[in-house]
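Student: After the structure tokens below, expect a handful of questions from me.
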Amino acid sequence: MFWEFFTFELKFRLKSISTYVYFFVWVAFNFLNVASESFGPIGNANGKILLNGPYANAVYNTGVCLFGLIIIAAIFGTSILRDFQRDTYQIIFTKPISKFAYLGGRWAGSLVTTVVVFSGSMLGEFLGTLAPWADHSRIAPNHLWWYLQPFLSITVVQIFFLGSLFFAVAALTRKIFVVYVQGATFFMVYVIGITVFSATRSLERFWSGIFDPVDFVLLDDITRYWTVVEQNTLLLSCLLTLHLASF
Amino acid sequence: MAVTISGLSKTYPNGVQALKNLTLTVGNNMFGLLGPNGAGKSTLMRTVATLQDPDSGTVHLDGLDVVANKNEVRKVLGYLPQEFGVYPKISASDMLHHLALMKGITSKGERKEMVDALLQQTNLWSVRKKALSTYSGGMKQRFGIAQALLGNPRLIIVDEPTAGLDPAERNRFLNLLSSIGRDVTVVLSTHIVDDVRELCPRMAIIGNGELLVEGAPSDALAALNGKIWSKIVSTDEELRAMDSEFRIVSTHLIGGKHEVRVFEDASPGAGFQPVESDLEDVYFLNLSRQSGSQTAKAQA
């Protein structure tokens, strides 16, 4: 029965337009990050850092996670609230289903959907490297692992934890409003917090990195004194993964 | 399968007392539950269908405690809610397969056979691949009964299934219901008296969360035999005058005039014709008796 809920969730998402819109958002986001010099943080910054290098990818993935909060909330939250929003709960809840199959199937289906949707960022980045007008002196030959490693160690981990959080909040409150407010609040508080923090030009780097749930500060802490060569060749270890997991 | 309801009470957080110490036994065959809107029918149906718990009282299904054994009950239950929605872009066939799996029909062949048979039975075969969200009210209601029949349930609860259907769709739906009613228990809750008259060998009337009548419609009709009188009056003044004088069961408009039906042991006077009692008289009489006794209680 778990399998049925899981596959039905995927089937449902496959038929839903929003899934394709989200996917396209990430394709466009990372396409522009690479293909446009005035869009992304790397394109704007030091002119020697590779646009599709390891450091760039770590930054892109962190950005995707921050802006993707709402999308994660939208996919996970609605999956568990669908039966209340669509008024189908009376039909579903009078069937002999187990909590595990129902909740687990919906959760797993949402997780897979979200990961697939967010993988659009990798496609977008790849397409960006093909753009004829892009700065090809800053684009290295594409390495699959340079794409996958940051995606798996940052984005997928964030989807797993934030998604589960939104899912749990939705299941407990049964209100989609709360889920979105929570996502938006998280986003706002973080953006305000990090803006205020950088405005202080604080030299304190340790605790701010530890308590950064999105890891922008931590990423900066680690790579702050990396040389350009290091930024273009070294993949970040699983430190970020462990750190995100600790939240 | 017998449903035994005893001492059921339910008060909602907003203070509405939906059920007041209700006791009722439903046996095999089609059982009609009649009552006006807000009588507590849906609360009763939802409680038996394991969707909500009562404040006090018990519901047993052949000795099985419904509140404590929800999943056991759900295996033998078919429930058509009063109002329900559907997922967008999902076809009737896909949704029935999805629900059949929930019902525990894991064998693919068996499931396909059952879903196909139900789609035929409910006359949805030709539209089985269309999205449920595009269905008309009658089609959606027939889908509702198809999903309630999944897994050969022994207790079927249908909550106000004919409300909002046009006469043709209503007939089709009632025929469908009567074809399944023979070997299982079907509880039909409705505010439409004709639904019960046409289908149910046994019935109950509830009003304000209390049981008013229980029994066979024919018995209830026999009790009123020769005691219903009808008179046609043309003005509202006459109507009001009669209201204070007689025990009025109901008034209908016929071609702009009022047909007044009165309940009296003997002829109430000139102009009154004896008429055959119908189930609607039983219904209205019991509801007005209840409100009458409540007014009396309030005045005492």
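Student: Kindly evaluate B:LEU8 against the criterion of being surrounded by 16 or more Cβ atoms within 10 Å (Cβ to Cβ) and in the same structural domain as B:ARG202 (by TED's automatic domain parsing).
Tutor: Details: surrounded by 16 or more Cβ atoms within 10 Å (Cβ to Cβ): yes; in the same structural domain as B:ARG202 (by TED's automatic domain parsing): yes.
Yes; evaluated as a whole, the condition is true for this residue.
Student: Still on this structure, I have one more. Can you tell me which residues in the stretch B:161-178 are among the acidic types (Asp, Glu) and surrounded by fewer than 17 Cβ atoms within 10 Å (Cβ to Cβ)?
Tutor: Passing the criteria: only B:ASP166.
Student: Return the residue satisfying two criteria in turn: it lies in the stretch A:131-146 and is outside any loop (DSSP other than H, G, I, E, B) and touching a residue at least 12 places away in the same chain (Cβ under 8 Å), and of such residues it is farthest from A:VAL228 (Cα to Cα).
Tutor: The residue in question is A:TRP145.
Student: From the residues in the stretch A:109-124 that are crowded, with 17+ Cβ neighbours inside 10 Å and of a type in the set (A, V, I, L, M, F, W, C), which one is farthest from the other protein chains (Cβ to nearest Cβ)?
Tutor: If we take residues in the stretch A:109-124 being crowded, with 17+ Cβ neighbours inside 10 Å and of a type in the set (A, V, I, L, M, F, W, C), then A:MET122 is farthest from the other protein chains (Cβ to nearest Cβ).
Student: Being out of contact with any Leu (no Cβ under 8 Å at 6 or more places or on another chain) and under 19 Å from B:THR185 (Cα atoms) is the filter here; which residues of the stretch B:12-45 pass it?
Tutor: Across the stretch B:12-45, the qualifying residues are B:THR25, B:VAL26, B:GLY27, B:ASN28, B:ASN29, B:LEU34, B:SER42.
Student: One residue is enough: does the stretch B:200-217 have a residue meeting the conditions surrounded by fewer than 17 Cβ atoms within 10 Å (Cβ to Cβ) and assigned to a helix (DSSP H, G or I)?
Tutor: Among the residues of the stretch B:200-217, not one is surrounded by fewer than 17 Cβ atoms within 10 Å (Cβ to Cβ) and assigned to a helix (DSSP H, G or I), which makes the answer no.
Student: Please work out if B:SER230 is surrounded by fewer than 19 Cβ atoms within 10 Å (Cβ to Cβ) and not in a strand (DSSP E or B).
Tutor: It is false that B:SER230 is surrounded by fewer than 19 Cβ atoms within 10 Å (Cβ to Cβ) and not in a strand (DSSP E or B).
Student: I'd like to check something: does the stretch B:82-91 contain any residue that is under 27 Å from B:TYR135 (Cα atoms), among the charged types (D, E, K, R) and part of a loop (DSSP other than H, G, I, E, B)? Quick ask: steps written out before the conclusion?
Tutor: So in the stretch B:82-91, the residues under 27 Å from B:TYR135 (Cα atoms) come out as B:82-91.
Narrowing further to those that are among the charged types (D, E, K, R): B:83, B:89.
Filter once more, keeping what is part of a loop (DSSP other than H, G, I, E, B): B:83, B:89.
Among the residues of the stretch B:82-91, at least one is under 27 Å from B:TYR135 (Cα atoms), among the charged types (D, E, K, R) and part of a loop (DSSP other than H, G, I, E, B), which makes the answer yes.
Student: Another question about this same structure. Can you confirm whether the stretch A:22-36 contains a residue that is at pLDDT 90 or above, surrounded by 14 or more Cβ atoms within 10 Å (Cβ to Cβ), within 11 Å of chain B (Cβ to nearest Cβ) and closer than 30 Å to B:MET95 by Cα?
Tutor: So far as the stretch A:22-36 goes, no, none of its residues is at pLDDT 90 or above, surrounded by 14 or more Cβ atoms within 10 Å (Cβ to Cβ), within 11 Å of chain B (Cβ to nearest Cβ) and closer than 30 Å to B:MET95 by Cα.
Student: Quick check: is even one residue across the stretch B:51-69 under 20 Å from the mean Cα position of the chain (by Cα), assigned to a helix (DSSP H, G or I) and either among the β-branched types (Val, Ile, Thr) or under 19 Å from B:LEU150 (Cα atoms) (or both)?
Tutor: No, the conditions are met nowhere in the stretch B:51-69.
Student: Now, a different point. I'm checking my understanding of the structure. Among residues of the stretch B:102-135 that are free of Cβ contacts under 8 Å to residues at least 12 places away in the same chain and either touching a Leu at 6+ places or on another chain (Cβ under 7 Å) or under 19 Å from B:LEU165 (Cα atoms) (or both), which one is surrounded by the most Cβ atoms within 10 Å (Cβ to Cβ)?
Tutor: Here the answer is B:TRP125.
The values are calculated or read from the model by the stated rules, or taken from the named source; none is laboratory data. The model shown is predicted, which means the values in this text are computed figures rather than measured ones. Please note: Cβ atoms are built from the backbone with ideal geometry, for glycine as well, and neighbour counts cover all protein chains shown.
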